[in-house]
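Since the structure comes first, as structure tokens, the remarks are kept for the end.
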Amino acid sequence: MNTLIDVEEMISLEHIDKRFNPQTVNETVLFEDFNFSIYKGEFVSIVGSNGSGKTTLLNLICGTIMPDSGKVILDGEDISTMPEYRRSQRIGRVFQDPAKGTCPSLSILENLSLADCKNQSYNLEKAVNKTRIDFYRTSLEKLHLGLEDKLHMPVGLLSGGQRQALAMLIATMTPIDLLVLDEHTAALDPKSSEVIMDLTEKVISEKGLTTVMVTHNLRYAVNYGTRLVMMHQGRTVIDASEELKNQYKIEDLLKVFNSISIECGN
């Protein structure tokens, strides 16, 4: 993978405050004056225990939740109040649940056609552009899962690994500024997880995508990406750029996990 990193920021969270259940006995302060940036060309792997803030971080980036205060800047533009559906035009997201990234009742062809029309206006015309079928088939062939011969099969009949591979293709089919991977192998069996991680690295490398990946798998965090971040209680306890990251081993991360009494995960 090309590991040259542009010094420009792709996404920046500035002075973020985020509380849950405010003014109640269950009030939780997760982020307080939190600052975090991802630079163009980076592939950032984020680990941390439940409640450490890693998923909330992704939700703040994608607009699933809004900060109480602070700014979210995407490629120089303040998107702090931009709704999630508009951010999705520039941010591709692959979820932990394979069902969230695809429409199970629609065929593979129909799913790809919808993804292909992202950021375009919908007029009274056929939903499936038959002139694009060869392109879809060629794209599916690159997955090496035999899906190119199942274009008319409902996506709900595919395995979890096949659906997640399709979700990856859908998320990156049109140009995006940022790819967000939200524990996208957590619901898969070990073999499928390896296939998806290999595909992930290939897609990121070929398209030159700036990427942030949250994972519970410490081996994936160590072996993939150009930067390693560990979060705990709404702050970063490890933030290792590529040169330092390459020196980390799984045992090193486990020691940090254990030292702050965090569940080790996978």
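The values are calculated or read from the model by the stated rules, or taken from the named source; none is laboratory data. Just so you know, these numbers come straight off a predicted model, no measurement behind them. Methodologically, a virtual Cβ is constructed for each residue, glycine included, from the backbone with ideal geometry; neighbour enumeration extends over all protein chains shown. These area figures cover heavy atoms from the full protein model, side chains too; ligands, DNA and RNA do not enter into them. Shrake-Rupley method; radii C 1.70, N 1.55, O 1.52, S 1.80 Å.
Tabulated results
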item: Most mobile of N35, N21, N59 in a GNM of the chain (Cα contacts under 10 Å); result: N21
item: Accessible surface, the range 91-188, averaged per residue in Å² (probe 1.4 Å); result: 49
item: Length-normalised contact order for the chain - Cα pairs under 8 Å, 6+ apart - percent; result: 25
item: Pairwise FRET efficiency - E206 versus M66, Cβ, R0 = 35 Å, nearest 0.05; result: 0.55
item: Integer Hz, Karplus 6.51/-1.76/1.60 couplings in order for the range 223-230, x for Gly and Pro; result: 8, 10, x, 10, 8, 10, 10, 10
item: Most mobile of Q89, Q23, Q247 in a GNM of the chain (Cα contacts under 10 Å); result: Q23
item: Rounded accessible area of H152 (nearest 10 Å², 1.4 Å probe); result: 150
item: Accessible area of T28 in the full protein assembly, 1.4 Å probe (Å², nearest 10); result: 70
item: Protection-proxy order for peptides 186-192, 111-117, each taking the mean of Cβ atoms within 10 Å per residue, highest first; result: 111-117, 186-192
item: Residue among S241, T81, L109 farthest towards the positive dipole end of the chain, charges placed on Cβ; result: L109
item: Accessible area, probe 1.4 Å, largest first, for residues Y136, Y248; result: Y248, Y136
item: Rounded accessible area of D75 (nearest 10 Å², 1.4 Å probe); result: 60
item: Percent antiparallel among DSSP beta bridges (both partners in the chain, rounded to 5); result: 55
item: Rounded FRET efficiency, nearest 0.05, which uses the C-beta distance separating L244 from H15 and R0 of 30 Å; result: 0.70
item: Built amide H within the under 5 Å cut-off of S69, gap 5+; result: D17
item: Carbon/sulfur fraction of accessible area - the chain, other protein chains in place, 1.4 Å, %; result: 49
item: Placed amide H near H232: partners under 5 Å, 5+ positions off or other chain; result: V237
item: Other-chain or far-sequence residues with amide H under 5 Å of R93's (modelled H); result: V180
